[in-house]
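Everything below concerns the one structure shown next.
The values are calculated or read from the model by the stated rules, or taken from the named source; none is laboratory data. Just so you know, these numbers come straight off a predicted model, no measurement behind them. With ideal geometry, Cβ positions are generated from the backbone for all residues, glycine too; neighbour counts draw on all protein chains shown.
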Amino acid sequence: MLNDIVLDTNVLMHASDPRQSLQSSCIKVLEAIRGSKTKVCVDGAASLISGSNRSQIMAEYLKHLAPPSLGRMFLAYIVANGRLVERSKSVNGTTGKLINRLVTEKGCDRVLVRVAVNSEERLLVSHDLGDISRKSRKVLGDKLGISIMTSQQALANVQKNSSEPE
């Protein structure tokens, strides 16, 4: 079983946008996670209520996902079923410097990578090749042991792990 996963906001947004070429794989990833026991990682005490939220990742989700969107409904389901899990965004100095050098800070991309470093599975699904380039993804994988994949790349792994018996 895939214990946990980190999802970039763009994956949740693309699931709701028929103009996106990756919409189908995003929907399939969300469906596979929903049909499993996999937990979604965030930093801090997350809440779907903006005033109660203390998570940068959840704040970005809330900012970009309108309540009727598929991504927002997915989050509501995950929260309602106790499958949102807090992972620290704190990393040691060397790791932090590497992340800061390789990941452009826009939104909360560095936070996503830091949370992935502290997650059990070390898997981040993101379509953001501008802020986390292919070269950066490889270096982060080699040096920190994290996998940063698009929804298409992650789909087989997520589906395989969602169908495994416990």
Quiz item: Within the set of pairs 6+ apart or on separate chains, which have a first residue in the stretch 43-66 that is free of Cβ contacts under 8 Å to residues at least 60 places away in the same chain, a second that is part of a helix (DSSP H, G or I) and of a type in the set (S, T, Y), and C-beta atoms under 6 Å apart?
Solution: E60/T9; Y61/T9; L62/S50; H64/T9
Quiz item: What number of residues within the stretch 1-14 are assigned to a loop (DSSP other than H, G, I, E, B) and either on the phi > 0 side of the Ramachandran plot or surrounded by fewer than 24 Cβ atoms within 10 Å (Cβ to Cβ) (or both)?
Solution: 3
Exercise. Inspect all residues belonging to the stretch 78-92 and state whether any of them is more than 17 Å from I27 (Cβ to Cβ), surrounded by fewer than 19 Cβ atoms within 10 Å (Cβ to Cβ), among the aliphatic types (A, V, I, L, M) and out of contact with any Lys or Arg (no Cβ under 8 Å at 6 or more places or on another chain).
Key: yes
Practice problem: Go through the stretch 15-29 and count every residue that is assigned to a helix (DSSP H, G or I), of a type outside the set (S, T, Y), in contact (Cβ under 8 Å) with a residue 40 or more places away in the chain and surrounded by fewer than 24 Cβ atoms within 10 Å (Cβ to Cβ). | Solution: 2
Quiz prompt | Residues satisfying the stated conditions in the stretch 30-58, i.e. in contact with a strand residue (DSSP E or B) (Cβ under 9 Å, 6 or more places away or on another chain) and in a loop (DSSP other than H, G, I, E, B) | solution = T38, D43, G44, A45, A46, S55
Quiz item: Going through the stretch 8-47 one residue at a time, which ones are touching a His at 6+ places or on another chain (Cβ under 7 Å) and over 23 Å from E86 (Cα atoms)?
Solution: H14, Q20, L22, Q23
Self-check item: Single residue of the stretch 99-131 satisfying the filter (more than 13 Å from the chain's Cα centre (by Cα) and surrounded by 22 or more Cβ atoms within 10 Å (Cβ to Cβ)) that is farthest from Q20 (Cα to Cα)
Solution: I99
Exercise. Name the residue, out of R34, R114, that is closer than 22 Å to A156 by Cα, basic (K, R) and modelled with pLDDT of 95 or more.
Key: R34
